[in-house]
Amino acid sequence: MESTAIKKILADQPAYRHRQIQEAIYQKLISNWEEATALPKDLRDRLAGEAPLEIKAEIIADGATQKAAIALTDGNIIESVLIKNADGRNTVCVSSQVGCALGCLFCATGQNGYKRNLTAEEIVAQALLFARLLKNSPPSSSPLRKGGEEYERVDNVVFMGMGEPFLNWDNVSEAIKTFNDKDGLNIAARSISISTCGITAGIRALIKFPLQINLALSLHAPNDKLRQELMPIAKKYPLKNIFDALKDYLHEKNRKIMIEYLMIDGINDTYHLAGELADLLEEIPKHLVIINLIPYNPTGETRRPAGKFQPSAMNKIKDFKNALGRRGFEATIRESLGGSIAGACGQLAGKK
Ligand code: SAH
Ligand code: SF4
């Protein structure tokens, strides 16, 4: 992907400059044009003036996670997170919008309203920032990474930061193509995941999308009544419509989907609701579903009228998981990384 500024500069240049520039940005992972030594000096200067590569970000690290607050050129701030997985792989969690219009009660992003969609370039820049950082830090000693690498790379991208990716599908899908492109960040399609609160038009757009990326549905409740209480957008997209779209998706793609289910104490974590969830999921083939139980991350600013949400106790989460297991469903409990730097899912608020 080339920005309009780069395209303009290259208009009167020979065709091979495009390849050189692509390589400098995505393979050499340069952070400023001075490093693009294959290019003539006057071209580098022009690029530096009109298409700067620097990404303005403040980074806070906490053990296995690093959160970046990125300042966009219009002054808005977005957040992205690098997660060093237990298996040695690096996952970048990217934002798709500045804020989110959907206002889920449990989500920090949803509390501050919506500002605008991110451009494809702004989405790609989030992964580029961490790819550059990884390149410039020593490779981990994790035996789980393949040997022989000079530096670590971004292995996975998940759209679980700020915003609803299917409400910005044009730019999100363009960014995904650059993530996947051999001449881009060269990330396998099966290592890219999109999480949605259930925008059916988006699920249907993904059916037609040529790359075999992963789909996750933020379900959080097994019936429309409770779901609407937690997620106002559920009034527009009843479970019946979402599951119709999911069935079509599974029929076409035959790829496993992830059901994300927050565990909020006393709200959606009862044994009875686990049974209701299993009933709901009976509609789709069991071998194509994995349920991810997510301990609620306190956001400190829930709009729930009757006080704050709390995460479910771990034994409650395990009971819920076992109840699903007895019904033949595979369920996992998400290890919540980054809670102490407010970099875990649903805590990204884009504030300084
Ligand atoms: N808008 C999309 C993607 C961004 S949210 C969506 O809703 O799926 C990414 C994930 O974080 C979703 O599963 C979301 O439900 C979850 N999340 C939101 N608030 C959270 C919180 N307080 N604790 C843990 N997860 C949360
Ligand atoms: Fe938006 Fe997703 Fe947060 Fe809901 S959970 S407010 S859809 S970002």
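Tabulated values for the structure
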{"item": "Net charge over other residues, Cβ less than 13 angstrom from the Cβ of residue 271 (K, R count +1; D, E count -1)", "result": "+2"}
{"item": "Rg/Rg_globular for the chain, with Rg_globular taken as 2.2 N^0.38 Å and Rg from C-alpha atoms", "result": "1.03"}
{"item": "Among beta bridges that DSSP assigns inside the chain, antiparallel share in %, nearest 5", "result": "45"}
{"item": "Solvent-accessible area of residue 153 with every protein chain in place, 1.4 Å probe, in Å² to the nearest 10", "result": "80"}
{"item": "Cα pair distances of segment 178-303 binned at 10 Å [whole percent]", "result": "11, 42, 32, 14, 2"}
{"item": "Within the chain: Cβ-based charge dipole about Cα centre, in debye rounded to nearest 20 (Lys, Arg +1; Asp, Glu -1)", "result": "420"}
{"item": "Heavy-atom SASA rank of 4, 299, 119 (probe 1.4 Å, accessible area, largest first)", "result": "4, 119, 299"}
{"item": "Whole-number D in µm² s⁻¹ for segment 130-236, Kirkwood Cα-pair radius fed into Stokes-Einstein, 10 °C, 1.306 mPa s", "result": "100"}
{"item": "Net charge over other residues, Cβ less than 12 angstrom from the Cβ of residue 313 (K, R count +1; D, E count -1)", "result": "-1"}
{"item": "Value of relative contact order over the chain, rounded to a whole percent, pairs C-alpha under 8 Å and six or more apart", "result": "17"}
{"item": "Rg over Rh, two decimals, segment 231-296 (C-alpha only, Kirkwood Rh)", "result": "0.97"}
{"item": "Residue among 161, 184, 75 with the largest mean-square fluctuation in a Gaussian network model of the chain, springs linking Cα atoms under 10 Å", "result": "75"}
{"item": "Kirkwood Rh in Å, taken over segment 1-75 so that all alpha-carbon pairs contribute", "result": "13.8"}
{"item": "12 Å beta-carbon shell around residue 31, net charge (K/R +1, D/E -1)", "result": "+1"}
{"item": "Per residue accessible area in Å² of the chain, where ligands, DNA and RNA are left out and the probe is 1.4 Å", "result": "45"}
{"item": "Carbon + sulfur, % of accessible area of segment 39-91 - ligands and nucleic acids excluded, 1.4 Å", "result": "51"}
{"item": "Principal semi-axes in Å for segment 31-165 [√(5λ), Cα gyration tensor, largest first]", "result": "27, 24, 10"}
{"item": "Protection-proxy order for peptides 11-18, 199-206, 42-49, each taking the mean of Cβ atoms within 10 Å per residue, highest first", "result": "199-206, 42-49, 11-18"}
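The values are calculated or read from the model by the stated rules, or taken from the named source; none is laboratory data. Please read all numbers here as calculations on a predicted model, not as lab measurements. Using ideal geometry, Cβ is built from the backbone for each residue, glycine included, and neighbour counts are taken over all protein chains shown. What goes into the accessible areas is simple: the full protein's heavy atoms, side chains included, and nothing from ligands, DNA or RNA. Shrake-Rupley method; radii C 1.70, N 1.55, O 1.52, S 1.80 Å.
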